[in-house]
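I have placed the structure first, in the form of structure tokens, so that the comments after it can refer back to it.
The values are calculated or read from the model by the stated rules, or taken from the named source; none is laboratory data. Given the structure is predicted, the values throughout are model-derived calculations rather than measurements. Counting neighbours? That spans all protein chains shown, and the Cβs are built from the backbone with ideal geometry, glycine included. Each accessible area value is taken on the protein alone, full model and side chains, heavy atoms only, with ligands, DNA and RNA left out. Shrake-Rupley method; radii C 1.70, N 1.55, O 1.52, S 1.80 Å.
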Amino acid sequence: MNISIIIPAFNEDLLIESTVGSISEFLEKTFDESEIIIVNDGSKDNTKAIIENLIVKNSGKNNLKLINNEQNWGKGYSIKQGMTQSAGEVRIFMDADLPFSPEVFLEIFKRIMNGDDIVIGDRNNPQSELVNVHPVRKLAGIVYSVFVRSIVSGGITDTQCGLKGFSDEAARFIFSRTTIDGFGFDVEVLRIGQKELFSISKLPVRMVNNRLDSRVHLIKDSLLMLWNLVVIKKNEIIGLYD
């Protein structure tokens, strides 16, 4: 399997079909073997039924799979499920609202095939372009990154970008050790990668906000993510990531 795309989905019935269609079309014309893994994280809408219908319609094309969580466990938990159950030489996760063009998968694939272990989207890169991203969220990201630097160093200023790719070796090692189920999992993933001395490459991106609502509660989730930093530091001290 050349490449696996993991998409966590919670109440995404308005977007998931078009997202899968766009990704599937790109993968078919670009890779010999690929798979799309949708992790339905306890959705209360028609997300699961839509995915099941897409699997039937997609028969003979991309290897489209559904992992179904009966309850909502969180983005980190869902991505861990997808990463550990995928088969690609390169494994990439991206948000369900398709904030990045599928063409970025090819660049991530090339970088990992050329020796990078991890490739992360970097919205802070001067070459990156952010479209329709609310300025309050930009500010929250900047403030959070100040705290993150006490845990994750090496010039990584954007840990939360919803686009990350891993070699199969890096994915197997890292996601067998993650403990955080929510939005703070990104920092844990990168810290484990750094401790194992995996090479991390930063990729400029063009991000478009395709979502009408937001899945992040600014104050509640920000406080929880700050607590996650404490948990990561504790886990590192006790050797949980070794």
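Pick from 13, 45: which is among the charged types (D, E, K, R) and exposed (fewer than 15 other Cβ atoms within 10 Å of the Cβ)?
Step by step, each of 13, 45 is checked, and only 45 is among the charged types (D, E, K, R) and exposed (fewer than 15 other Cβ atoms within 10 Å of the Cβ).
Among the residues of region 18-26, is there at least one that is open to solvent by 50 Å² or more (accessible area, probe 1.4 Å) and over 22 Å from residue 169 (Cβ atoms)?
The answer is yes; a qualifying residue exists.
Being assigned to a helix (DSSP H, G or I) and closer than 17 Å to residue 35 by Cα is the filter; apply it to region 159-171 and report the residue that is least open to solvent (accessible area, probe 1.4 Å).
171
Given 92, 112, which one is under 15 Å from the mean Cα position of the chain (by Cα) and closer than 23 Å to residue 198 by Cα?
On inspection, the qualifying residue turns out to be 92.
May I ask you to list the residues in region 185-215 that are modelled with pLDDT under 90 and either small (Gly, Ala, Ser) or open to solvent by less than 50 Å² (accessible area, probe 1.4 Å) (or both)?
208, 211, 214
Within the set of pairs 6+ apart or on separate chains, which have a first residue in region 160-172 that is free of Cβ contacts under 8 Å to residues at least 40 places away in the same chain, a second that is in a helix (DSSP H, G or I) and surrounded by fewer than 22 Cβ atoms within 10 Å (Cβ to Cβ), and C-beta atoms under 9 Å apart?
160/141; 160/144; 160/145
Is there a residue in region 83-93 that is in a helix (DSSP H, G or I), in contact with an Asp or Glu (Cβ under 6 Å, 6 or more places away or on another chain), open to solvent by 40 Å² or more (accessible area, probe 1.4 Å) and at pLDDT 95 or above?
The answer is no, given that none of the residues of region 83-93 is in a helix (DSSP H, G or I), in contact with an Asp or Glu (Cβ under 6 Å, 6 or more places away or on another chain), open to solvent by 40 Å² or more (accessible area, probe 1.4 Å) and at pLDDT 95 or above.
Between a residue in region 85-107 that is more than 17 Å from residue 19 (Cα to Cα) and of a type in the set (S, T, N, Q) and any residue that is in a loop (DSSP other than H, G, I, E, B) and open to solvent by 10 Å² or more (accessible area, probe 1.4 Å), which pairs come within a Cβ distance under 8 Å, given they are 6 or more apart or on different chains?
Sorted first by the residue in region 85-107, then by its partner, the pairs are 86/1.
Got at least one residue in region 161-177 being within 17 Å of residue 123 (Cβ to Cβ) and modelled with pLDDT under 95?
For region 161-177, residues within 17 Å of residue 123 (Cβ to Cβ) and modelled with pLDDT under 95: present.
For region 94-129, enumerate the residues that are out of contact with any Leu (no Cβ under 7 Å at 6 or more places or on another chain) and surrounded by fewer than 16 Cβ atoms within 10 Å (Cβ to Cβ).
101, 103, 106, 110, 113, 114, 115, 125, 126, 127, 129
Which condition from (1) in contact with a Ser or Thr (Cβ under 7 Å, 6 or more places away or on another chain); (2) on the phi < 0 side of the Ramachandran plot is the one that residue 49 breaks?
Among (1) in contact with a Ser or Thr (Cβ under 7 Å, 6 or more places away or on another chain); (2) on the phi < 0 side of the Ramachandran plot, residue 49 violates only (1).
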